[in-house]
1. Would you please list the contacts, defined by Cβ atoms under 8 Å and residues six or more apart or on different chains, that run from a residue in segment 41-66 that is of a type outside the set (Asp, Glu) to a residue that is part of a helix (DSSP H, G or I)?
2. Return the residues of segment 11-35 that are farther than 23 Å from Leu56 by Cα and among the hydrophobic types (A, V, I, L, M, F, W, C); say none if nothing qualifies.
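Each reported figure results from applying straightforward, stated rules to the coordinates on display, with no laboratory input. Bear in mind that the values here come from a model prediction, so they are computed numbers and not experimental data. Heads up, the Cβs are rebuilt from the backbone with ideal geometry, glycines too, and the neighbour counts pull from every protein chain shown.
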Amino acid sequence: MSSAFLEIVELPDGRIVLRRAEEDTALVTLTFSAQARDFLKARYIDIAKEMFHAGLMAAGQLAEEDSFEDSDDDDPTGHTLH
């Protein structure tokens, strides 16, 4: 990923996106259900920031390990991640 600044923006439709500053294309999109927003109240933005941060940290570690080229998990079908 380039060294451009990243920003977290809440869109009018409620989606929260991570994107490069001054660009409209989302790199990652989070959508919280109404039930999740009710539970989290105004803290859902803090949760989104932490989720984006964790994802960026994990991606950085993978890049350091050169796991992107060696990965056998290039199957684009859905996977259960837990």
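1. From segment 41-66, the pairs are Tyr44/Ala36; Tyr44/Arg37; Ile47/Leu40; Leu62/Phe68.
2. Ala34 - this is the single residue of segment 11-35 that is farther than 23 Å from Leu56 by Cα and among the hydrophobic types (A, V, I, L, M, F, W, C).
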